[in-house]
Amino acid sequence: MLTYTFTNKDIPLYEQVYNAIKSDILSGRLPPGTKLPSKRSFASHNGMSTITIQNAYDQLISEGYIYTLPRKGYFVSKLEGLRNMPQKLSLNLDIKTPQPPKTYTYDLSNNMINPDNFPFSIWAKLSRDNLAHKRKELMSVAPANGLFELREAISKHLASFRGMSVDPNQIIVGAGTEYLYGILIQLLGNDYRYCIENPGYKKLLHVYQQYGVECVYANIDGNGIMPGELHDKHVDIAHICPNHHFPTGITMPACRRYEILSWANEESGHYIIEDDYDSELRSHGKPLPTLFSIDGCEKVIYMNTFSKSLAPTMRISYMILPVHLANRFYEHLAFSSCTVSNIEQYTLASFINEGYFEKHINRMRLYYARKRKQLLAMLKTSPLSTICEVHENESGLHFLLQLHTHLSEEEVQKKLDEEDMRMQSLSDYYMDNQKNKKHMYIIHYSNLPLDHMTDVFDRIYDLVHD
């Protein structure tokens with residue numbers, strides 16, 4: 001007779017019986033063909049009700065662990081390949097996952113935003129409104145390019161903020177720019193040679209390589225990517241950040257923009273991917289016109305995201321395709337599903353249409369401009385100012401800090417690490433092995449605690465001055 005003791009009051013009794021018998025079957029304690037006790041005798045022996053045993057047996061039958069024969073009873077099934085398999089309520093397999101990045105008390109290169117700056121109450125209200133009034137729409141499958149309501153809202157925003165004339169059907173919405181890069185590669189094909197900026201965002205190199213396309217890099221000067229290198233390296237697709245290059249902060253002047261457009265018009269297979277990341281938070285004046293808006297030959301693919309203007313976890317990005325590529329998308333890729341949930345799309349559309357996005361951008365531009373001014377004033381009064389130089393282009397949420405020290409970059413990083421501080425070096429963003437080590441460091445100030453920065457600057461000075 002099977003004898004069990006059950007003491008867990010948080011799990012239904014029939015489920016505990018089911019788990020116990022299942023474990024005995026899989027461990028081999030109850031081999032195939034073993035006859036199980038009748039419901040009545042099992043219940044009586046273990047002090048339970050017959051309905052509890054009935055429910056446990058029914059579950060085991062439904063999953064194929066036991067079977068019943070009329071007038072003969074219940075028997076253990078033969079389970080090929082599962083015998084002697086150890087059963088654990090909690091698995092801990094030897095799966096090697098990446099180590100989480102180290103956290104620092106003072107991380108001057110962390111580009112996260114302060115949670116207090118996100119309009120949670122407004123976002124929650126708009127989300128509730130859409131849940132209440134768009135139940136049918138929320139249960140419908142969104143088209144491959146995203147909901148029309150959001151694409152139309154983005155189109156109107158770009159018209160007023162960036163002077164761009166965009167048909168909503170040119171806009172493709174996706175969960176993150178990495179997803180959109182994959183869509184773009186499917187549209188253009190794998191035979192093109194892609195190019196990114198050097199220094200630049202190394203993740204782009206990995207993304208393109210992951211999709212199996214050839215990716216090279218071209219150096220930049222004080223005006224942005226150098227057209228001569230695009231020719232020399234036989235580039236087909238140039239992925240650039242003309243409005244706010246990361247990490248240098250360079251804004252490409254008009255003359256260089258037309259040089260790049262001229263390169264794109266030389267060959268039918270030449271395209272420019274214009275990455276407009278971070279441009280909405282420019283601290284002074286309106287941004288220069290986008291390449292997309294001055295392109296008359298359908299050579300520019302415009303990319304942007306809400307991860308910087310709203311929150312890094314806001315995985316909503318979009319790209320704007322030239323008309324012929326938009327038609328190609330609808331012809332070949334319209335079968336795919338949009339990767340952003342309907343509720344997020346409707347909420348963001350409401351946020352834009354009701355004017356909250358524009359108010360948020362204006363408020364954050366003023367906030368970050370004040371914070372930048374305060375931070376630079378604190379640096380100016382610190383001893384650190386005597387051994388450093390600030391390189392800023394008044395765009396985006398970071399600037400470059402150049403230290404004048406005889407220590408190597410590795411020695412500086414080691415000393416900072418020992419003090420639980422971090423500054424990321426510009427040399428980390430160079431694609432080649434011959435890194436341009438000028439002791440240039442990227443200072444993201446969007447989430448820096450100003451009340452501690454005087455002490456932080458003084459500590460950095462103590463660590464690196466000769």
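Tabulated data
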| item | result |
| --- | --- |
| Filter pass, residue 330 being in a strand (DSSP E or B), closer than 14 Å to residue 170 by Cα, aromatic (Phe, Trp, Tyr) and out of contact with any Asp or Glu (no Cβ under 7 Å at 6 or more places or on another chain) | no |
| Positions within segment 132-151 being surrounded by fewer than 18 Cβ atoms within 10 Å (Cβ to Cβ) and assigned to a helix (DSSP H, G or I), in sequence order | 132, 133, 135, 136, 137, 138, 148 |
| Qualifying residue in segment 400-408 (condition: closer than 25 Å to residue 305 by Cβ and either not assigned by the TED database to the domain that holds residue 153 or not basic (Lys, Arg) (or both)) | yes |
| Odd one out for residue 154, checked against (1) more than 16 Å from residue 330 (Cα to Cα); (2) of a type in the set (Val, Ile, Thr); (3) not in a helix (DSSP H, G or I) | (3) |
| Test: residue 412 is β-branched (Val, Ile, Thr), without any contact (Cβ under 8 Å) to a residue 60 or more places away in the chain and surrounded by 14 or more Cβ atoms within 10 Å (Cβ to Cβ) | yes |
| Flag for residue 235 being touching a Lys or Arg at 6+ places or on another chain (Cβ under 8 Å) and without any contact (Cβ under 8 Å) to a residue 24 or more places away in the chain | no |
| Qualifying position, being small (Gly, Ala, Ser), surrounded by 18 or more Cβ atoms within 10 Å (Cβ to Cβ) and assigned to a loop (DSSP other than H, G, I, E, B), among 200, 163, 212 | 200 |
| Any hit, segment 51-72, residues being modelled with pLDDT under 90, over 21 Å from the mean Cα position of the chain (by Cα) and not assigned by the TED database to the domain that holds residue 460 | yes |
| Any hit, segment 329-344, residues being surrounded by 14 or more Cβ atoms within 10 Å (Cβ to Cβ) and touching a His at 6+ places or on another chain (Cβ under 9 Å) | no |
| Only listed residue being of a type outside the set (Phe, Trp, Tyr), surrounded by 11 or more Cβ atoms within 10 Å (Cβ to Cβ) and under 26 Å from residue 281 (Cβ atoms), chosen from 116, 107, 129 | 107 |
| Residue tally, condition modelled with pLDDT of 95 or more, in a helix (DSSP H, G or I) and among the small types (Gly, Ala, Ser), over segment 229-263 | 1 |
| Qualifying residue in segment 28-37 (condition: modelled with pLDDT of 90 or more, over 18 Å from residue 63 (Cα atoms) and surrounded by 15 or more Cβ atoms within 10 Å (Cβ to Cβ)) | yes |
| Residues (free of Cβ contacts under 8 Å to residues at least 40 places away in the same chain and not small (Gly, Ala, Ser)) located in segment 21-53 | 24, 29, 37, 39, 40, 48, 50, 51, 52, 53 |
| Residue selected from segment 181-197 under the condition more than 25 Å from residue 256 (Cβ to Cβ) and touching a residue at least 60 places away in the same chain (Cβ under 8 Å), by the criterion surrounded by the fewest Cβ atoms within 10 Å (Cβ to Cβ) | 186 |
| Within segment 264-304, considering residues that are over 19 Å from residue 164 (Cα atoms) and modelled with pLDDT under 90, the one farthest from the chain's Cα centre (by Cα) | 284 |
| All positions within segment 307-349 that are of a type in the set (Val, Ile, Thr), touching a residue at least 24 places away in the same chain (Cβ under 8 Å) and farther than 14 Å from residue 179 by Cβ | 320, 323, 343, 347 |
| All positions within segment 166-197 that are closer than 22 Å to residue 236 by Cβ, part of a strand (DSSP E or B) and within 23 Å of the chain's Cα centre (by Cα) | 172, 194, 195, 196, 197 |
| Unmet requirement for residue 17, which otherwise passes all of (1) part of a loop (DSSP other than H, G, I, E, B); (2) without any contact (Cβ under 8 Å) to a residue 40 or more places away in the chain | (1) |
| Filter result for the condition that a residue is over 27 Å from residue 198 (Cα atoms) and charged (D, E, K, R), over 389, 418, 409 | 418 |
| Test for residue 405: is it surrounded by 12 or more Cβ atoms within 10 Å (Cβ to Cβ), among the hydroxyl-bearing types (Ser, Thr, Tyr) and either under 27 Å from residue 279 (Cβ atoms) or more than 33 Å from the chain's Cα centre (by Cα) (or both) | yes |
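The rows are residues; the columns are (1) exposed (fewer than 12 other Cβ atoms within 10 Å of the Cβ); (2) within 14 Å of residue 79 (Cα to Cα).
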| residue | (1), (2) |
| --- | --- |
| 7 | yes, no |
| 12 | no, no |
| 23 | no, yes |
| 63 | yes, yes |
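The rows are residues; the columns are (1) surrounded by fewer than 19 Cβ atoms within 10 Å (Cβ to Cβ); (2) more than 14 Å from residue 170 (Cβ to Cβ); (3) not assigned by the TED database to the domain that holds residue 447.
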site	(1), (2), (3)
246	no, yes, yes
262	yes, yes, yes
276	no, yes, yes
300	no, no, yes
303	no, no, yes
319	no, no, yes
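The values are calculated or read from the model by the stated rules, or taken from the named source; none is laboratory data. All of these numbers come straight from a predicted model, not from anything done at the bench. In this analysis, Cβ positions are derived from the backbone assuming ideal geometry, glycine residues included, and neighbour counts consider all displayed protein chains.
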